[in-house]
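Step one of this worksheet: look at the structure below.
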Amino acid sequence: MSVLFVTGTGTEIGKTISTAAIAATALGQGRSVAVLKPAQTGVTPHEAGDAAEVERLAGPVTTLELARYPDPLAPATAAHRAGLPPVTPAEIAEAAAKLDASHDLVLVEGAGGLLVRFDAEGNTLADAARLAGAPVVVVAQAGLGTLNATALTALALRTYGLESPGVIVGSWPAVPDLASRCNLADLPTAAGAPLLGLVPEGSGALPPHDFRAAAPGWLAPALGGSGTCDGRGPDPADAA
């Protein structure tokens, strides 16, 4: 996977931190990494966006934003309100291909979920991934309600003819409840793909050095990690 799209089953579920974990793991293996954020919403021109947060946590990655809109809304709505042009799937696929030519791994982080609209025509991250011919990893929540959201995302991926290497839990609780523990077994069935990572809650608050040291233990070997994804992996504090 030289180009990998990262989507979520919703917003604020750990997509950026999961992207950073994948990037940190690849950098630790000596691979060059680029992070593409097609549409950054909810930040002003002088604020750090998601790609910058990945760079802060993971280390020296190439970052690229195609558009930035100030309102914290879906890209199509945010672009319309700002009076700015939207980002198209063709632009996203072209940017990913250019980065792919000079990097070992390109991570394309979407906004919100897979079918959030990028423009008035209804194009989504799924359309961009299809144009790019790239797989899509799904970041999901840990607890109650995640199975339905994950299954719906997986259904949408199949509808678009997209492959998914698996699912990452973007914020695995320090003390998981019954639903979270049961979901470790049930998420692969809902997704039709394996569980590829458990990123501990609060990982984004770790010092970058500690984040980079711990990240491989959160991810399965399919993403270059050493984790078992059984909920008993290393605590982020262990890297301190």
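The values are calculated or read from the model by the stated rules, or taken from the named source; none is laboratory data. Note that the structure is a prediction, hence the values are computed from the model and not measured. Using ideal geometry, Cβ is built from the backbone for each residue, glycine included, and neighbour counts are taken over all protein chains shown. Each accessible area value is taken on the protein alone, full model and side chains, heavy atoms only, with ligands, DNA and RNA left out. Shrake-Rupley method; radii C 1.70, N 1.55, O 1.52, S 1.80 Å.
Within the stretch 160-178, does at least one residue satisfy the condition of being free of Cβ contacts under 8 Å to residues at least 24 places away in the same chain and over 21 Å from Asp50 (Cβ atoms)? I'd like the intermediate steps shown before the answer.
Filtering the stretch 160-178 down to residues free of Cβ contacts under 8 Å to residues at least 24 places away in the same chain leaves 175, 178.
From what's left, over 21 Å from Asp50 (Cβ atoms): 175, 178.
Within the stretch 160-178, one or more residues are free of Cβ contacts under 8 Å to residues at least 24 places away in the same chain and over 21 Å from Asp50 (Cβ atoms).
Among the residues making up the stretch 14-42, those that are surrounded by fewer than 23 Cβ atoms within 10 Å (Cβ to Cβ) and either part of a loop (DSSP other than H, G, I, E, B) or among the acidic types (Asp, Glu) (or both) are Gln29, Gly30, Arg31, Ser32, Gly42. Filtering the stretch 47-60 down to residues that are in contact with a helix residue (DSSP H, G or I) (Cβ under 8 Å, 6 or more places away or on another chain) and open to solvent by less than 10 Å² (accessible area, probe 1.4 Å), which residue is farthest from Ala95 (Cα to Cα)? Selected residue: Leu57. Taking residues in the stretch 69-83 that are free of Cβ contacts under 8 Å to residues at least 60 places away in the same chain, and partners anywhere that are among the charged types (D, E, K, R) and assigned to a loop (DSSP other than H, G, I, E, B), the pairs with Cβ atoms closer than 6 Å and at least 6 places apart or on different chains are Ala74/Arg117; Ala76/Arg117; Ala76/Asp119; Ala78/Asp71; Arg81/Asp71.
Condition (residue is in contact with an Asp or Glu (Cβ under 9 Å, 6 or more places away or on another chain) and at pLDDT 95 or above) applied to the stretch 94-105: is it met by at least one residue? Spell out how you get there, then give the answer.
Taking the stretch 94-105 and keeping what is in contact with an Asp or Glu (Cβ under 9 Å, 6 or more places away or on another chain), we get none.
No; the residues of the stretch 94-105 include none that is in contact with an Asp or Glu (Cβ under 9 Å, 6 or more places away or on another chain) and at pLDDT 95 or above.
On the given criteria, is Arg212 buried (at least 16 other Cβ atoms within 10 Å of the Cβ), more than 16 Å from the chain's Cα centre (by Cα), of a type in the set (Lys, Arg) and assigned to a helix (DSSP H, G or I)? Criteria met by Arg212. Residues considered: Ala90, Ala101, Ala96. Of these, the only one that is surrounded by fewer than 18 Cβ atoms within 10 Å (Cβ to Cβ), of a type outside the set (S, T, N, Q) and touching a residue at least 12 places away in the same chain (Cβ under 8 Å) is Ala90. Of the residues making up the stretch 164-199, those that are in a loop (DSSP other than H, G, I, E, B), among the aliphatic types (A, V, I, L, M) and open to solvent by 20 Å² or more (accessible area, probe 1.4 Å) number 2.
Would you check if there is a residue in the stretch 148-163 being assigned to a loop (DSSP other than H, G, I, E, B) and open to solvent by less than 30 Å² (accessible area, probe 1.4 Å)? Before the answer, list the steps.
Within the stretch 148-163, the subset assigned to a loop (DSSP other than H, G, I, E, B) is 160-163.
From the residues that got through so far, the ones that are open to solvent by less than 30 Å² (accessible area, probe 1.4 Å) too are 162.
Yes, the stretch 148-163 contains at least one residue that is assigned to a loop (DSSP other than H, G, I, E, B) and open to solvent by less than 30 Å² (accessible area, probe 1.4 Å).
Of the residues making up the stretch 111-119, not a single one is modelled with pLDDT of 95 or more, open to solvent by less than 30 Å² (accessible area, probe 1.4 Å), in a helix (DSSP H, G or I) and at negative phi.
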